[in-house]
Amino acid sequence: MFPYELSVVALPLSTNFRGVSFREVALFEGPAGWSEFSPFIEYDSKESAIWLKAALEGAMTKEPTKLREEIGINATLPNTEVENVKDLLSKFPGCKTVKIKINDFKKDRELLIEVLRHIPDANFRLDVNGQWDFEEAVENINNYEKEFEGKIDYIEQPCLKMEDLLELRKKTESKIAVDESIRKHLDQDPSILKTVADIAVIKWAPLGGTSSALELIEKIDLPVVISSALESSIGISHGLSLAQSIPNLYGACGLGTAVLFKSDITSNPLTIIDGQIKNKKIVPDLIDEFKVKPDRQIWWHNRINQIYQEGLI
Ligand SMILES: [Mg+2]
């Protein structure tokens with residue numbers, strides 16, 4: 001049985017992200033501090049169990065040895081309208097690396113142009129979430145490379161199929177990062193990812209927590225970017241601890257996303273200063289303001305019970 005008292009909160013987002021306008025997360029405190037269980041609502045028990053493993057480890061285990069204090073942060077922009085870009089960028093002070101969710105070149109190139117109006121020396125990480133087929137990927141990536149020469153840091157998960165990713169390396173100049181591919185290869189030999197990508201995007205909760213992530217990082221043997229799964233500041237602080245402990249960190253991390261919430265669960269939040277965050281233990285002193293109704297609290301309890309009942313943890 002789950003041994004901790006669970007506080008479920010619903011945090012309003014300032015912009016629609018992944019099609020949601022608020023994010024439900026379940027928080028609890030263990031001997032090592034506060035932790036977070038927040039798989040997206042639609043995830044099944046099997047996938048959620050991995051997040052629960054991360055959450056339990058975060059509550060019970062001391063953080064790994066730190067190799068650095070501050071973590072460089074990339075700005076994170078959803079696939080938004082051009083008129084929102086300025087306001088979104090202002091939430092990420094000093095961040096020169098800008099990650100944008102994109103669908104295509106034709107419309108979304110405007111987003112990059114708008115970013116450059118405000119940050120002329122910005123460089124871009126374009127996250128496609130595996131949506132392109134091979135031909136679309138070649139065409140879009142080459143268009144982006146041509147128009148924004150020298151400004152594309154990498155393309156994140158342009159295609160899902162391994163053979164497409166492999167072929168892309170021959171047809172385009174851009175560095176490729178894998179994200180979704182990593183979770184797909186959890187049960188297989190992850191060292192194969194090195195043949196299709198230059199960078200591994202690692203997320204604390206979806207990969208089962210700090211020790212699992214560190215093990216995986218060693219096996220993948222690629223430079224790493226730690227990114228969030230739109231967690232509250234509690235989950236983000238665990239992601240930051242992971243980033244602090246990794247020898248082969250590639251560069252800025254996608255761990256600034258707590259600013260995309262209208263409000264935080266703490267009065268003492270993680271703050272981006274000069275494009276960096278200094279990690280600290282987060283105490284959620286504002287839980288009462290965002291508590292969900294009893295039916296949602298029960299839903300989350302049932303969700304955890306189901307994971308135990310199915311023997312997934
Ligand atoms: Mg991604």
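Every number in this text was worked out from the coordinates using simple rules, so none of it is lab data. Quantities reported herein were computed from a predicted structural model and do not represent experimental measurements. Don't worry about glycine lacking a Cβ; one is built from the backbone with ideal geometry, like all the others, and counts go over all protein chains shown.
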Exercise for review: Could you tell me how many degrees, from 0 to 90 and to the nearest 10, lie between the Cα long axis of helix 233-244 and the main elongation axis, the longest principal axis, of the Cα atoms of the chain?
Suggested key: 60 degrees
**Study point:** Helical mean residue ellipticity (222 nm; -39500 (n - 2.57) per DSSP H run of 4+; nearest 500) of the chain
**Key:** -10000 deg cm²/dmol
Point to revise | Acute angle (nearest 10 degrees) that the helix 162-171 long axis makes with the longest principal axis of the chain, alpha-carbon atoms | key: 30 degrees
Check your understanding: Using just the C-alpha positions of the chain as equal point scatterers, what log10 of I(q)/I(0) does the Debye formula give at each q in 0.09, 0.13, 0.15, 0.16 1/Å?
Key -> -0.44, -0.94, -1.25, -1.41
**Study point:** Angle between the chain longest axis and helix 45-60 axis [Cα atoms, degrees, rounded to 10]
**Key:** 70 degrees
Study note, to complete from the structure: For 205-213, 191-199, ranked highest to lowest by mean beta-carbon neighbours within 10 Å, the order is 205-213, 191-199
Review point. For A10 and D285, FRET efficiency with R0 = 30 Å and r from the beta-carbon atoms, rounded to 0.05?
Key: 0.95
Check your understanding: Hey, got a sec? Which GluC sites (Glu not before Pro) in the range 219-313 land in a DSSP loop and have at most 16 other Cβ atoms within 10 Å?
Key -> E310
Review point. At 10 °C and 1.306 mPa s, what whole-number value in µm²/s does Stokes-Einstein give for the translational diffusion of the range 5-104, with Rh from the Kirkwood sum over Cα pairs?
Key: 98 µm²/s
Exercise for review: Would you list, by chain and number, the lysines whose Cα falls below 23 Å from the Cα of K161, excluding same-chain residues fewer than 8 positions away?
Suggested key: K46, K99, K101, K170, K171, K175, K184, K194, K203, K219
Point to revise | Restricting the range 1-70 to trypsin sites (Lys or Arg not before Pro) in coil, as DSSP defines it, with at most 10 other Cβ within 10 Å | key: K62
Check your understanding: Relative contact order for the range 70-278 using alpha-carbon pairs under 8 Å, separation at least 6, rounded to a whole percent?
Key -> 24 percent
Point to revise | Where labels lie 7 Å past Cα in the beta-carbon direction, separation of S191 and D221 in nm | key: 0.5 nm
Study note, to complete from the structure: Counting only DSSP loop positions in the range 201-268, the trypsin sites (Lys or Arg not before Pro) whose Cβ has at most 14 other Cβ atoms within 10 Å are K262
Practice item. State, to one decimal in nm, how far the label point of V20 lies from the label point of E70, with both points 7 Å from Cα in the Cβ direction. Key: 3.2 nm
